[in-house]
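Where a number appears in this text, it was derived from the coordinates with a stated rule and is not lab data. Owing to the predicted nature of the structure, the values given are computational and were not obtained by experimental measurement. Cβ placement follows ideal geometry from the backbone for every residue including glycine, while neighbour counts extend to all protein chains displayed.
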Amino acid sequence: MSGIGMGFAVEALVTVLLGVTVWYCFMLDKRLKRFRADEKGMRQTVVDLALATERAEGAISGLRSVLTEADGSLVQRLRSAEAFTRELDAQLKSGDKVLSRISKIVASSRQASGNDNPAQQVMTEIPSEETRSDRLADMLAAARAMADRGLNRNQNFINSQPEQTAA
């Protein structure tokens, strides 16, 4: 019996080991299926990543061209603005000269007429600290004073003329 028992024990041990092997193969098969599924997912992820990379490269290329175009446009606008600023500055200087001339004319006409009315007085020299709005206000005052004097002269001329009667 000892031979039969020993054979039975060896066969039982082989059966148990075979069962463990089958169970291990089953578990290994499950893991391989998950790995293959993950591999398909990974392949899809790699393909999606490659497509996204191509799109990003295209977008970067487009942005570079837009940036180059915008840079050129900005440079052109800056040059135009600088030219406009120089022109405006020249016109302001010219306007300051005209204002100075008008102030001198008003001052000399006031001295010639002897009119010392404070409402019609205009500064002969404009300090450089004054703002342009102050200069424009002074120029407007000078123009009003000249217009009032012209109206007064015209009125005096009309009043000094003898009335003519119709014949």
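Quick notes on this structure:
- With 0.36 nm allotted per residue and the present C-alpha distance subtracted, the L63-A9 stretch has 11.6 nm of extension available.
- Working from label points 7 Å from Cα in the Cα-to-Cβ sense, the R31 to I105 distance is 10.5 nm.
- Under a model in which nothing but the beta-carbon of Lys, Arg (+1) and Asp, Glu (-1) is charged, region 7-72 shows a dipole of about 360 debye around its Cα centre.
- Bridging of K40 to lysines at a Cα separation below 25 Å is possible for K30, once same-chain residues fewer than 8 apart are set aside.
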